[in-house]
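Here's the structure, in structure tokens; my notes come after.
The values are calculated or read from the model by the stated rules, or taken from the named source; none is laboratory data. Note that this is a predicted model, so its numbers are computed, not measured. Don't worry about glycine lacking a Cβ; one is built from the backbone with ideal geometry, like all the others, and counts go over all protein chains shown.
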Amino acid sequence: MNETFYDVLRRQGISRRSFLKFCSLTAASLGLGNTFAPKIANAMETKPRTPVIWLHGLECTCCSESFIRSAHPLTKDVVLSMLSLDYDDTLMAAAGHQAEAIIEQVKSKYDGNYIVAVEGNPPLAEDGMFCIHGGRPFLEVLKETCAGAKAIISWGSCAAYGCVQAAKPNPTQATPIHKVISDKPIIKVPGCPPIAEVMTGVIAYILTFDRLPELDRQGRPKMFYGQRIHDKCYRRGHFDAGQFAEIWDDEASRKGYCLYKVGCKGPTTYNACSSMRWNGGISWPVQSGHGCIGCSEDGFWDKGSFYDRIVGMDNFGIEASADRVGGPVAGVVAGAIATHAVVTALSRSKKKSD
């Protein structure tokens with residue numbers, strides 16, 4: 001029988017106290033609260049590690065680069081303890097025939113009980129010959145590997161939506177995973193790349209509860225993609241006040257005003273960037289002075305310049321509305337006061353004449 005996560009930690013000399021602290025941090029990173037820490041601990045103590053095959057299609061490896069920088073939980077804990085990452089041609093030491101044989105071993109030994117994580121996508125043109133994996137079209141390897149999987153994770157916008165490989169005119173016919181694999185549960189974790197802790201958090205949830213997290217209508221986990229970046233952006237107050245950077249490096253930009261007018265897509269993008277942030281929670285693009293490009297939304301690569309503002313939005317916040325609404329109201333109030341003054345004066349004049 002496979003070792004559990006806790007078995008591996010004990011073998012590595014990790015104390016019970018450190019293990020429980022890890023479970024609490026994992027619960028917090030998943031937005032579940034400390035009440036779920038005991039459930040995570042129980043799962044890690046009793047469930048065998050889940051075999052994972054991580055495949056790479058047409059992509060730039062930015063998802064892997066993001067994944068290995070996770071802080072909560074640490075990537076080494078995910079890879080070496082929480083799951084059995086049996087195949088990943090970017091991270092594994094084996095190569096060639098020895099590496100490819102591992103896929104066959106996992107498929108035969110754990111049929112129906114392994115996870116396939118896919119980074120990138122398959123091209124369909126020319127029978128898939130634009131992406132070759134181990135001497136064969138990646139399309140073939142993907143279909144065969146996913147046939148016995150219990151679930152599939154589409155890492156990044158390439159796997160989830162097609163991304164820049166599928167940009168018009170898409171000569172290779174690069175295609176997202178869900179349009180090739182239709183008979184398996186698929187969880188999409190879009191972004192270019194996704195946040196590191198979102199990637200490890202999704203894995204931690206699946207391993208803990210042995211099910212996919214609740215998904216939105218696009219197949220993304222709601223716990224990370226349930227709110228717009230705009231909803232928790234620290235510049236939101238400036239948006240509501242109608243305070244915007246008009247051009248790059250103007251005085252408003254230096255004051256940290258809202259970047260909507262220079263193209264920020266935060267109001268229409270669902271992701272956890274503004275709450276979880278990047279690089280261990282240190283910063284994120286808007287905090288660094290660049291607007292959101294909407295990389296976790298389908299088709300962001302074909303929607304024109306990243307610096308074109310979103311059209312069709314009402315204009316705008318509290319102060320702007322107060323200016324528009326307050327002006328007429330003030331006029332009505334002033335008119336009422338003037339009328340009252342005239343009526344009062346006439347009334348007094350009448351009393352004197354009487």
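How many residues does the range 207-238 hold that are assigned to a helix (DSSP H, G or I), surrounded by fewer than 23 Cβ atoms within 10 Å (Cβ to Cβ) and either touching a strand residue (DSSP E or B) at 6+ places or on another chain (Cβ under 8 Å) or in contact (Cβ under 8 Å) with a residue 60 or more places away in the chain (or both)? Step through it out loud before you land on a result.
Step one: filter the range 207-238 for residues assigned to a helix (DSSP H, G or I), giving 207-209, 222-225, 229-232, 236-238.
Narrowing further to those that are surrounded by fewer than 23 Cβ atoms within 10 Å (Cβ to Cβ): 207, 209, 222-223, 230-232, 236-238.
Now drop any that are not either touching a strand residue (DSSP E or B) at 6+ places or on another chain (Cβ under 8 Å) or in contact (Cβ under 8 Å) with a residue 60 or more places away in the chain (or both), which leaves 207, 209, 222-223, 236, 238.
Number satisfying all stated conditions: 6.
I want to confirm something. Restricting to the range 94-124 and keeping residues that are farther than 17 Å from Glu59 by Cβ and hydrophobic (A, V, I, L, M, F, W, C), which single residue is surrounded by the fewest Cβ atoms within 10 Å (Cβ to Cβ)? So that I can check it myself, show each step before the final result.
Restricting attention to the range 94-124, the residues satisfying the condition of being farther than 17 Å from Glu59 by Cβ are 94-115.
Of the ones still in play, those that are also hydrophobic (A, V, I, L, M, F, W, C) are 94-95, 99, 101-103, 106, 115.
Numbers: Ala94: 12, Ala95: 9, Ala99: 15, Ala101: 12, Ile102: 17, Ile103: 21, Val106: 22, Ile115: 22.
Going through the qualifying residues, I end up with Ala95.
Would you please name the residue that is modelled with the highest pLDDT, looking only at residues in the range 76-132 that are among the aromatic types (Phe, Trp, Tyr) and in a strand (DSSP E or B)? Don't jump to the end; show me each part of the working.
Of the range 76-132, the ones among the aromatic types (Phe, Trp, Tyr) are 87, 110, 114, 130.
With the extra rule that they be in a strand (DSSP E or B), the set shrinks to 87, 114.
Working: Tyr87: 86, Tyr114: 91.
Restricting to residues being among the aromatic types (Phe, Trp, Tyr) and in a strand (DSSP E or B), the top hit is Tyr114.
So, Ala159, is that one within 16 Å of Thr172 (Cβ to Cβ) and either assigned by TED's automatic domain parsing to the domain that holds Ile186 or not basic (Lys, Arg) (or both) or not?
Details: within 16 Å of Thr172 (Cβ to Cβ): yes; either assigned by TED's automatic domain parsing to the domain that holds Ile186 or not basic (Lys, Arg) (or both): yes.
So Ala159 fits the description; yes.
Among (1) part of a loop (DSSP other than H, G, I, E, B); (2) at pLDDT below 95; (3) more than 17 Å from Gln218 (Cβ to Cβ), there is one condition Gly201 misses while meeting the rest; what is its number?
Among (1) part of a loop (DSSP other than H, G, I, E, B); (2) at pLDDT below 95; (3) more than 17 Å from Gln218 (Cβ to Cβ), the lone unmet condition for Gly201 is (1).
Filter the range 256-309 down to residues that are surrounded by fewer than 16 Cβ atoms within 10 Å (Cβ to Cβ) and touching a Ser or Thr at 6+ places or on another chain (Cβ under 8 Å), then give me how many there are.
Count: 1.
The rows are residues; the columns are (1) of a type in the set (Val, Ile, Thr); (2) without any contact (Cβ under 8 Å) to a residue 60 or more places away in the chain; (3) not assigned by TED's automatic domain parsing to the domain that holds Gly219.
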site	(1), (2), (3)
Gly112	no, yes, no
Val116	yes, no, no
Pro123	no, no, no
Val141	yes, no, no
Val164	yes, no, no
Asn170	no, yes, no
